[in-house]
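J.: What follows is a structure written as structure tokens; I'll ask about it next.
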Amino acid sequence: MLYRIAEPADWQQAQQTGFFVSADLAAEGFIHSSERTQILETARRYYAGRPDLVLLEWDEDALTAAGVRVEREWVENRQEYFAHVFGPVPLAAVRRWWAFAPAADGQFALPADL
């Protein structure tokens, strides 16, 4: 499974259109996503103080079956590979989602059932 910390507006639009897209797809040609072990550091670095986020779980096999290319590419500033999704994500590939907000101390935690 792959994970995406999403803006609520992007998630709402996906529910209306049937496909998740975000600004990074238009700007960079792919949608950033994470492995489970990368979620919390991504949240800490880029989403501090954001109480309104959504965490999406994507089935990589479903993306491949839908013809959406996924490549793991080296990200120098993080010193690890990240999964980049080269196209809109069909809702059929979204397995679960959660409201994703930091605790009172500002720290993010993974959903209990993840």
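J.: State all residues of the range 61-79 that are touching a Ser or Thr at 6+ places or on another chain (Cβ under 9 Å) and closer than 21 Å to PHE100 by Cβ; if no residue qualifies, say none.
T.: Quick first cut of the range 61-79, residues touching a Ser or Thr at 6+ places or on another chain (Cβ under 9 Å) only: 70, 78.
Of everything in the range 61-79, just one residue is touching a Ser or Thr at 6+ places or on another chain (Cβ under 9 Å) and closer than 21 Å to PHE100 by Cβ, namely ARG78.
J.: Say we look at the range 84-107 and pick out the residues that are part of a loop (DSSP other than H, G, I, E, B) and of a type in the set (Gly, Ala, Ser); which of these is surrounded by the fewest Cβ atoms within 10 Å (Cβ to Cβ)?
T.: ALA104
J.: Residue by residue through the range 11-64, note down the ones that are among the polar types (S, T, N, Q) and within 12 Å of the chain's Cα centre (by Cα). If you could, list the steps in order and put the result at the bottom.
T.: Initial filter on the range 11-64 (among the polar types (S, T, N, Q)): 12-13, 15-17, 22, 33-34, 37-38, 42, 64.
Result: SER22, SER33, SER34, GLN38, THR42.
J.: Which of the residues that make up the range 11-60 are assigned to a helix (DSSP H, G or I), surrounded by 18 or more Cβ atoms within 10 Å (Cβ to Cβ) and in contact (Cβ under 8 Å) with a residue 40 or more places away in the chain?
T.: Passing the criteria: TRP11, ALA14, LEU25, GLN38, ILE39, ALA43.
J.: Oh, and also: Exactly one of these conditions fails for LEU110: (1) assigned to a loop (DSSP other than H, G, I, E, B); (2) surrounded by fewer than 13 Cβ atoms within 10 Å (Cβ to Cβ). Give me its number.
T.: Looking at each condition in turn, LEU110 falls short on (2).
J.: Answer yes if at least one residue in the range 22-29 is in contact with a strand residue (DSSP E or B) (Cβ under 9 Å, 6 or more places away or on another chain) and under 18 Å from ALA99 (Cα atoms), and no otherwise.
T.: So far as the range 22-29 goes, yes, one or more of its residues are in contact with a strand residue (DSSP E or B) (Cβ under 9 Å, 6 or more places away or on another chain) and under 18 Å from ALA99 (Cα atoms).
J.: A further question follows. I need the full set of residues from the range 61-83 which are more than 21 Å from ALA27 (Cα to Cα), of a type in the set (Val, Ile, Thr) and surrounded by 13 or more Cβ atoms within 10 Å (Cβ to Cβ), in order please.
T.: Passing the criteria: none in range.
Any read-out appearing in this document is the output of simple, stated calculations on the displayed coordinates, not a laboratory observation. All values derive from a computational prediction rather than experimental measurement. Every residue, glycine among them, receives a Cβ derived from its backbone with ideal geometry; neighbour counts consider all protein chains shown.
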